[in-house]
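Following: one structure in structure tokens, then a few remarks.
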Amino acid sequence: MTGQPAAVSEPKTVGPRASLLRDDPQWADVCLTCGSCASACPISGVDNLDPRKLIRLVVLGRIQEAVDSNWTWKCTMCGKCEEACPMNVEITALFRKIRSMREREKVPGPLHKGVLMALRRGNNLGIPRSEFTDLLKEVGEELAEECCPGFETPIDVEGANVLVTLNSKEPFGEPDDMKFWWKIFYAAGESWTIPSENWEGVNWGLFTGDDEAMKIMVGRIVDNMYRLQCKRLLLPE
Ligand code: SF4
Ligand code: SF4
């Protein structure tokens, strides 16, 4: 044996991962592809949506495909997939992170426009303050005539127990729907109020992965809680 010892090759190492979505194993790397999430998902199969497929895209580093896909936008964020997952993959957080990577102008439907409107006017549909308070008073008067004698819509009542936020589609298109829970408050003798500004309870910043907008909207509700010294918060969604 006169030959030179065989050269020892350098150990191979895996470099830092380039993927923005795989910085925590909880995001996707522990997925077993068992399909429990797909079985639990109420919209599995709609337009071929399958949460497992989206997770595979991420695991395989096909991030742009995941971002461009409309699957995450069809997801309701109900969380049933996570409950079913044996590996505790944080599927909804992953989907929201994918949404956050979509260019804002390409966010589907009215969602991003609603975010901009909420930032500008305090609600997703841009209802002006005076129109809003006039409507609330009018609906309250109807309710008093129909079945709740003496009822007056409590707007900006300091010290009320419950601060109530609204889904703007109610005052915009279905104002009678507000009466259902106003009746419950009336029957229960509850102390509650609706703020005249920044009353939107549907945070499309949350839904669209826009953290900055989400924080501003949440902060405004917190400000209302302090301003009116309420103890509890009711969010419709
Ligand atoms: S349930 Fe969890 S482990 Fe199974 S396929 Fe879905 S994400 Fe992967
Ligand atoms: S959170 Fe989305 S993917 Fe998960 S079960 Fe609900 S709709 Fe399906």
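Below, the figures for the structure above:
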{"item": "Net charge, Asn124 excluded, C-beta distance under 11 Å - Lys, Arg +1, Asp, Glu -1", "result": "+3"}
{"item": "For the chain: accessible area per residue (Å², 1.4 Å)", "result": "58"}
{"item": "Pairs from Lys97/Lys215; Lys137/Lys179; Lys74/Lys97; Lys97/Lys231 whose Cα-Cα separation, in the structure shown, is over 22 Å", "result": "Lys97/Lys231"}
{"item": "Estimated vicinal HN-Hα couplings, Hz - segment 92-104 in sequence order (Karplus 6.51, -1.76, 1.60; Gly, Pro = x)", "result": "5, 5, 5, 5, 5, 5, 5, 4, 5, 8, 6, 3, 4"}
{"item": "Cα centroid separation, segment 101-149 to segment 157-235 (Å)", "result": "11"}
{"item": "Across the chain: Cys residues that no other cysteine approaches within a C-beta distance under 4.7 Å", "result": "Cys31, Cys34, Cys41, Cys75, Cys78, Cys85, Cys147, Cys148, Cys230"}
{"item": "Segment 109-234 - percent of accessible surface contributed by carbon and sulfur, probe 1.4 Å", "result": "54"}
{"item": "Net charge of Cβ neighbours under 14 Å - reference Leu163; Lys, Arg +1; Asp, Glu -1", "result": "-2"}
{"item": "Cα-based reach from Lys183 at 14 Å (exclusive), listing aspartates and glutamates while leaving out same-chain residues under 8 positions away", "result": "Glu141, Glu142, Glu145, Glu146, Glu152"}
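The values are calculated or read from the model by the stated rules, or taken from the named source; none is laboratory data. This one's a predicted model, so the numbers in the text were calculated from it and none came from an experiment. Glycine gets a Cβ as well: all are built from the backbone with ideal geometry, and neighbour counts include every protein chain shown. In case anyone asks, the SASA skips ligands and DNA or RNA and just uses the protein heavy atoms, side chains included. Shrake-Rupley method; radii C 1.70, N 1.55, O 1.52, S 1.80 Å.
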